[in-house]
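Every number in this text was worked out from the coordinates using simple rules, so none of it is lab data. Values in this document were obtained by computation on a predicted structure and should not be read as measured data. No Cβ is skipped: glycine too gets one built from the backbone with ideal geometry, and neighbour counts run over all protein chains shown.
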Amino acid sequence: MTLKNDLVLHPDGRRRRLLGMGGLALGLGLLPPGISARDRLPVVATFSILGDMVREVGGERISLTTIVGPNMDTHQFEPTPQDAKALLEAKVLVLNGLDFEPWISRLVQASEFKGRQVLAADGITVRRPAASAKGGHAGHGDAHDHAHGHGSGHGHAHEGVDPHAWHDLANGMIYVRNIAAGLSKADPRNASYYESRAASYISRMKTLDHEIRTAMAAIPAERRRVISSHDSFGYFGAAYGIEFIPLTGLSSEAEPSARDLARIIETTRAAQVSGIFIENMGSPALAQQVARETGVLMGGTLYSDSLSPPDQPAATYLGMLSWNAGRLVYVLKQSAGQGS
């Protein structure tokens, strides 16, 4: 399956080029005439996926610090004094909200941050899994609500809200618009620059969104059912027509009980599950156990809560979604007998 935007998904899910690397390269290049390092807007993003979005929108007009880096678990992260110092010196804080960063309010208080807070998820339709948080089957019938944020330290989410909204590119576009608006308010003289970069970024996002939908639609609906390590792909599943059966709940800290695991194994055997996927930060042990006991194909690694290091395929937000889609399409086609 060939995707536009200079991006090719190979049968094994590898990508020939990294979509979005241009934004990273720009951030590392020379500053345009008249822009010194001290003239750049100091911005802090809470984790790597948001950091890449902010970098794409802010370009060379910002100085970016990302607190939780690639292949790091935001759920279990503990801020350091260095993080507090970076936040104290920042003019803008970009966070996901929806209780994804449970430590952020403590960090804001400890750092005495007085700048502008940008809630990236503000305005999305949030997913509320109908099943229990542990070992639940999130599939169909999920409840939804509308997310609102007021920059008050963290997202005031209710229990059971899924914070992983970025896995739907339509939500990613909302994130980018919120980021551009926040940067523009903090730095009005560069507002047109941020809005222009956001518009270009969103155009690329729309192209990738369309092509993922097209690729998934070519696979029979009854074959689009997979197992994931934890319940972090509900937005992706709803957007692109895939049913994810999570081994654990919304947090990577959750562990299934023996009863939950037995139910997952029974469901896997009874349903036409096409593959079992692990995540870049989690242990593969549970997934491997289910694969051994059911004979279902191990489909490889998906990226959920963080990007890969810069030298790997999922080093950008769009690269991550392209990688995930490529792995899923390959495994689903194999299961449907469409593989080459």
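With only Lys, Arg, Asp and Glu charged, each at its Cβ (+1 for the first two, -1 for the last two), find how big the charge dipole of the range 219-335 is about the Cα centre; round to the nearest 20 debye.
460
Taking the Cβ-Cβ separation of Glu222 and Ser36 as r and a Förster radius of 56 Å, what is the calculated FRET efficiency to the nearest 0.05?
0.45
Order of 98-107, 314-323, 211-220 by packing, highest average Cβ count within 10 Å first?
314-323, 98-107, 211-220
Which far-off residues, 5 or more places away or on another chain, put their amide H under 5 Å from the one on Phe47, with H placed in the peptide plane?
For Phe47, whose amide H was placed from the backbone, the distant partners under 5 Å are Ile67, Val68.
Convert each backbone phi in the range 211-222 into a coupling constant with the Karplus relation 6.51 cos²θ - 1.76 cosθ + 1.60 (shift: θ = phi - 60°), then list the ³J(HN,Hα) values in order as whole Hz, x for Gly and Pro.
6, 5, 4, 5, 5, 5, 5, 6, 9, x, 4, 6
Counting other beta carbons within 10 Å of each Cβ, put His167, His230 in order, fewest first.
His167, His230
Which far-off residues, 5 or more places away or on another chain, put their amide H under 5 Å from the one on Ser63, with H placed in the peptide plane?
Amide H neighbours of Ser63, under 5 Å, 5+ apart: Leu41, Val43.
Considering only Cα-Cα distances, which of the following residue pairs are longer than 22 Å: Lys85/Lys114; Lys91/Lys185; Lys206/Lys333?
Lys206/Lys333
Which value, in nm² and rounded to one decimal, describes the direction-averaged projected area of the C-alpha convex hull of the range 200-340?
Mean orientational projected area (the range 200-340, Cα hull): 8.8 nm².
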